[in-house]
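Notes to accompany the following structure.
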Amino acid sequence: MPSPATVVDRLRAAGCVFAEDEAELLMDASATPAELLAMVDRRVAGLPLEHIVGWVDFCGLRVAVDPGVFVPRRRTELLVRRAAALAVPGATIVDLACGCGAIGMAVAGLVEDVALHAVDIEPAAVRCARRNLAALNAQVYVGDLYDPLPARLRGQVDVLVANVPYVPTEAVGLLPPEARIHEPLVALDGGADGLDVLRRVAGGAGNWLAPGGHLLLETSLEQADAALAALAGAGLAPTLARDDELPATVVIGRC
């Protein structure tokens, strides 16, 4: 087996900032020297570490992430905390643009007996989410935002959470190669000002939220005012949540 120092040196030379931590993860994930060398080669070539080892640590949970599926970011933990704080045991929760299902999985770990539904337009993400959420008896649908949700959920959703794409189209090319090359464009590109999908989610939320229900959306601090205006324009009472340490910004609309 290659020595830890050798692996660290290769990763550092490739520009990996956390080379020591990554080396440890790759060594733990590999069963043979050949497998480790292949993993290191893939990492040096620019593949996301999470796609190589097959999982991401999110909110203290090991969440499976398949190649080609959006990797949850640590900043999204604010979205999870706020959603969990607004949910009660037995709540009906919908996770739109769910990706690998990490948000719903984390919220369900904090709130007992939730009825969880998740949606993503990417079939690869849906397959991944179904594995991650299988133990929760969640329903995971493939389709565009609200389209595949069963009609029986109309007016019944207590917490609607969505980490939709919010990168402006012209800024997608400035993202790190790990994201713009290896994650689906539909999970990154939010349109001209980054808020196209957020507005669609806000506009449809009133049809699905129960009275007093909440919509929560991640965005950037720079986009917060426009996102809050979108919630207000959709008839929701908007508020802002911010965590400067992550850093993370979440807009919340109450029905």
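The values are calculated or read from the model by the stated rules, or taken from the named source; none is laboratory data. The structure presented is a predicted model; accordingly, all values stated were derived computationally and were not measured. All Cβ positions, glycine included, derive from the backbone under ideal geometry; neighbour counts span all protein chains shown. Just the protein is used for accessible areas: all its heavy atoms, side chains included, with ligands, DNA and RNA removed. Shrake-Rupley method; radii C 1.70, N 1.55, O 1.52, S 1.80 Å.
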Looking only at segment 182-203, which residues are under 20 Å from residue 120 (Cβ atoms) and open to solvent by 20 Å² or more (accessible area, probe 1.4 Å)? 182, 184, 185, 186, 187, 189, 196, 197, 199, 200, 203
Could you list all residues from segment 216-255 that are assigned to a loop (DSSP other than H, G, I, E, B) and of a type in the set (Gly, Ala, Ser)? 220, 234, 235
Kindly provide the set of residues from segment 104-152 that are in contact with a strand residue (DSSP E or B) (Cβ under 7 Å, 6 or more places away or on another chain), closer than 24 Å to residue 252 by Cβ, in a helix (DSSP H, G or I) and of a type in the set (A, V, I, L, M), ordered by number. 105, 106, 107, 108, 129, 133, 136
Conditions first: (1) part of a helix (DSSP H, G or I); (2) more than 26 Å from residue 136 (Cβ to Cβ). Residue 2 passes all but one, so which condition is the exception? (1)
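Residue 85: among the aliphatic types (A, V, I, L, M), open to solvent by 30 Å² or more (accessible area, probe 1.4 Å), under 22 Å from residue 246 (Cβ atoms) and assigned to a helix (DSSP H, G or I), yes or no?
Details: among the aliphatic types (A, V, I, L, M): yes; open to solvent by 30 Å² or more (accessible area, probe 1.4 Å): yes; under 22 Å from residue 246 (Cβ atoms): yes; assigned to a helix (DSSP H, G or I): yes.
Yes.
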Kindly check whether there is at least one residue in segment 67-79 that is aliphatic (A, V, I, L, M), buried (at least 21 other Cβ atoms within 10 Å of the Cβ), within 17 Å of residue 107 (Cβ to Cβ) and within 11 Å of the chain's Cα centre (by Cα). yes
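So is residue 158 assigned to a loop (DSSP other than H, G, I, E, B) and over 19 Å from the mean Cα position of the chain (by Cα) or not?
In short, no.
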Could you list, in sequence order, all residues of segment 159-206 that are among the polar types (S, T, N, Q) and out of contact with any Phe, Trp or Tyr (no Cβ under 9 Å at 6 or more places or on another chain)? 169
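Taking segment 38-52 as the region of interest, how many residues are part of a helix (DSSP H, G or I) and open to solvent by less than 30 Å² (accessible area, probe 1.4 Å)? Break it down stepwise before answering.
First, the residues of segment 38-52 that are part of a helix (DSSP H, G or I): 38-44, 49-52.
Okay, now just the ones that are also open to solvent by less than 30 Å² (accessible area, probe 1.4 Å), so 39-40, 43, 49, 51-52.
Of the residues in segment 38-52, 6 are part of a helix (DSSP H, G or I) and open to solvent by less than 30 Å² (accessible area, probe 1.4 Å).
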